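Here, each number is a calculation from the coordinates, and none is a lab measurement. Being a predicted model, the structure only gives us computed values, none of them experimental. In this analysis, Cβ positions are derived from the backbone assuming ideal geometry, glycine residues included, and neighbour counts consider all displayed protein chains.
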Amino acid sequence: MGTARAETVELRPVNDADVEIFYEQQREPEGVAMAMFPSRPREAFFSHWQRTSAQPDANRMTITFGGAVAGNIGSWATNDEDNVLVGYWIGNAFWGKGIATAALQLYLARHELRRPLHARVVSTNVGSIRVLEKCGFELVGRRSEFDEAFGVDVEELLLAYRR
């Protein structure tokens, strides 16, 4: 497993062509299984992306690696009191290279300064938990509930970043 050097991972504003790539990435079965987040049909994906991107507190960036679109990262406020969430999705062709860690570090340092910042991740997504912990997130809660899409009980962790 290699490690991406920070200068090879970049964040830039999202453009329309990127969103097409994000759509394909969120359909990859390996990512869906790991994140336990079901892919959306095309129309639903683009509608959701447009609606959430239009929110004034949303901050979305494209993650590139060697000039290729590796995924996306973003943050948004929730209805909970001052709760800001961060999320990212990396195409599986880019897994295992340190890209998620480098992208999250860049995002925290340059693009999302609200604190505390939170992340939700299923307890079985060991790779994402490791990325979050390497970037300074700490476990602050957990909950379990039945997931209709997957038909199983799922444990979700809540991590916080306060630096």
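Which order do Thr124, Thr101 fall in if you start with the one that has the fewest other Cβ atoms within 10 Å?
Ascending number of Cβ neighbours within 10 Å: Thr124, Thr101.
Among the GluC sites (Glu not before Pro) in segment 60-163, which ones are in a DSSP loop with at most 11 other Cβ atoms within 10 Å of the Cβ? Mind listing them?
Passing both the DSSP loop test and the Cβ count: Glu81, Glu148.
Give the order of Lys97, Lys134 when sorted by the count of other beta carbons within 10 angstrom, beginning with the fewest.
Lys134, Lys97
Most mobile of Asp57, Asp80, Asp147 per a Gaussian network model of the chain (Cα springs, under 10 Å)?
In the Gaussian network model the winner is Asp80.
Going toward the positive end of the dipole of segment 1-106, with +1 on Lys and Arg Cβ and -1 on Asp and Glu Cβ, which of Ala93, Gly74, Pro13 do you reach last?
Looking along the dipole axis, the top candidate is Ala93.
Full extension from Arg120 to Arg40: what is 0.36 nm times the residue separation minus their Cα-Cα distance, to one decimal in nm?
Taking 0.36 nm per residue and subtracting the Cα distance, the gain is 26.9 nm.
Separation between the Thr8 and His48 pseudo-spin-labels, each 7 Å from Cα along Cα→Cβ, expressed in nm?
Using points 7 Å along Cα→Cβ, the separation is 3.1 nm.
Sort the chain into rounded, prolate or oblate with this rule: let a ≥ b ≥ c be the square roots of the eigenvalues of the Cα gyration tensor; rounded if a/c is under 1.5, and if a/c is not under 1.5, prolate when a/b is larger than b/c, oblate otherwise.
Rounded is the answer for the chain, as its axis ratio a/c remains below 1.5.
Can you work out the FRET efficiency for the pair Asp153 and Glu30, with r the C-beta to C-beta distance and R0 = 30 Å, to the nearest 0.05?
Once rounded, the FRET efficiency stands at 0.85.
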